[in-house]
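Peer 1: This is the structure I have questions about; it appears just below.
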Amino acid sequence: MTIFRIAAQTRCFAQPFKKALHTAASIGCEGVQFDARNELQPSDISDTGLRQLRKMLDDLNLRVGSLSFPTRRGYSEPADLDRRVAATLDAMRLASQVQARVLVCNLGRIPDDPASSEWATLSDVINTLTTHGMRLGVQLAARAGFVSCVQLADFVGSFSEGTLFLDLHPASLMAAGHSPAEFVSTLGQYVAHVHAVDSVRDFSANRHLEVELGRGSVDFPALLGGLEEYEYRGWITIERNGSAQTVEDFANAVKFLRTV
C-alpha cells in the first residue's frame, strides 16, 4: 500500500468544477490540484465561495493537495515581470486559504552565468516568493525540465536550505531529453510535489506522446522508491491529457499507484 497521498488534476476532467470534485472522490483520490490561473483564479472566489468550497471538500473527504500556477513566461524574463510576481503572490494566498501547502509554478529559463543580471533577477524573485510563502505556510515547487540536473542543482543549491523546492514532472523531463531517474537521484531532496504522468517516444515524429499511467517509459516504482530514500511524504497528482476515456484512465492510475 502506497504511503504517498494521491490527488487528481481537476482541469483534466474537462467538467464543471463541482462535478470534477465528485469525480475525483469517486475514483478514490484523497485530494485535488486546482489550476489557479485558468480554473480557480484568486479574484473569482469570494469569502463565501471559499467557505462553500471548504465544506464541499470536507463532505467529499478531499483535500487540496496543491495549486498550480502555469505562467507563460518564467521569472527571469523581464517582460511583465512585476505583474507576474504579483499574480503568483495572489496564487500563494489562495493556496493558503484552501489549506494547500504547495504551489507549483514554471521556473522558466535558468541563466547560464551566475554572475549575470538575469541570474540576479531570478534569484531576487525566488527569494521574494519563497519568503512570502514561508509566512503563509506554502512551499514553492518549481518546474524546470529544460536544464540539466547539474545546472538545476547548482541553482537550487544557491539558496538557503528549505527555500526553493521542485516539482517532478517525468513526462516533461523526458520530452526535454532528461532522465527522471537522474532527476530523483540528483535532486530528490528538493522534491516537494510529483506529477504522475507517463509518456512514450514517437520515433517517427521525434517527440514524446502522453499515455496512460504505467503504459509508458517512466518507471514509477523506481522513481517512487528513489523518493522514499529521501522520505518524501508529499502529494502525487495524476495528470492525463488528450485521452478519449479520461475518467477511466484516472481510475486506473489510482489503482496503479496503490500497488507501487
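The values are calculated or read from the model by the stated rules, or taken from the named source; none is laboratory data. Just so it is clear, the structure is predicted and the values come from calculations on it, not from any experiment. Here the Cβ is made from the backbone with ideal geometry for all residues, glycine too, and neighbour counts use every protein chain on show. For the accessible areas, the whole protein counts, side chains as well, though only heavy atoms, and no ligand, DNA or RNA atoms are used. Shrake-Rupley method; radii C 1.70, N 1.55, O 1.52, S 1.80 Å.
Peer 1: Inside segment 101-122, can you point out the residues that are of a type in the set (A, V, I, L, M, F, W, C), over 21 Å from Leu136 (Cα atoms) and in a loop (DSSP other than H, G, I, E, B)?
Peer 2: Ile110, Ala115
Peer 1: Also, quick follow-up: Considering segment 160-185 alone, what residues qualify as being surrounded by fewer than 20 Cβ atoms within 10 Å (Cβ to Cβ) and either in contact (Cβ under 8 Å) with a residue 60 or more places away in the chain or over 19 Å from Ser68 (Cβ atoms) (or both)?
Peer 2: Ser160, Glu161, Gly162, Thr163, Gly177, His178, Ser179, Ala181, Glu182, Ser185
Peer 1: Here is a further query. Could you grab me the full set of residues in segment 1-37 that are in contact with a strand residue (DSSP E or B) (Cβ under 7 Å, 6 or more places away or on another chain), of a type outside the set (A, V, I, L, M, F, W, C) and open to solvent by less than 20 Å² (accessible area, probe 1.4 Å)?
Peer 2: If the condition is that a residue be in contact with a strand residue (DSSP E or B) (Cβ under 7 Å, 6 or more places away or on another chain), of a type outside the set (A, V, I, L, M, F, W, C) and open to solvent by less than 20 Å² (accessible area, probe 1.4 Å), then Gln9, Thr10, Gly31, Gln33, Asp35 are the ones that fit.
Peer 1: Give the residue, chosen from Leu140, Leu152, Leu103, that is open to solvent by less than 10 Å² (accessible area, probe 1.4 Å), over 15 Å from Ala36 (Cα atoms) and of a type outside the set (Gly, Ala, Ser).
Peer 2: Selected residue: Leu152, the only one of Leu140, Leu152, Leu103 that is open to solvent by less than 10 Å² (accessible area, probe 1.4 Å), over 15 Å from Ala36 (Cα atoms) and of a type outside the set (Gly, Ala, Ser).
Peer 1: With the requirement that a residue be open to solvent by less than 90 Å² (accessible area, probe 1.4 Å) and either of a type in the set (S, T, N, Q) or within 21 Å of Cys12 (Cβ to Cβ) (or both), what does segment 43-55 give you?
Peer 2: Ile45, Ser46, Thr48, Leu53
Peer 1: Output the residue which, of all residues in segment 236-260 that are polar (S, T, N, Q) and modelled with pLDDT of 95 or more, is surrounded by the fewest Cβ atoms within 10 Å (Cβ to Cβ).
Peer 2: So, considering only residues that are polar (S, T, N, Q) and modelled with pLDDT of 95 or more, the one surrounded by the fewest Cβ atoms within 10 Å (Cβ to Cβ) is Gln245.
Peer 1: Determine whether segment 82-98 contains at least one residue that is in contact with an Asp or Glu (Cβ under 6 Å, 6 or more places away or on another chain), under 22 Å from Ser172 (Cβ atoms) and open to solvent by less than 10 Å² (accessible area, probe 1.4 Å).
Peer 2: no
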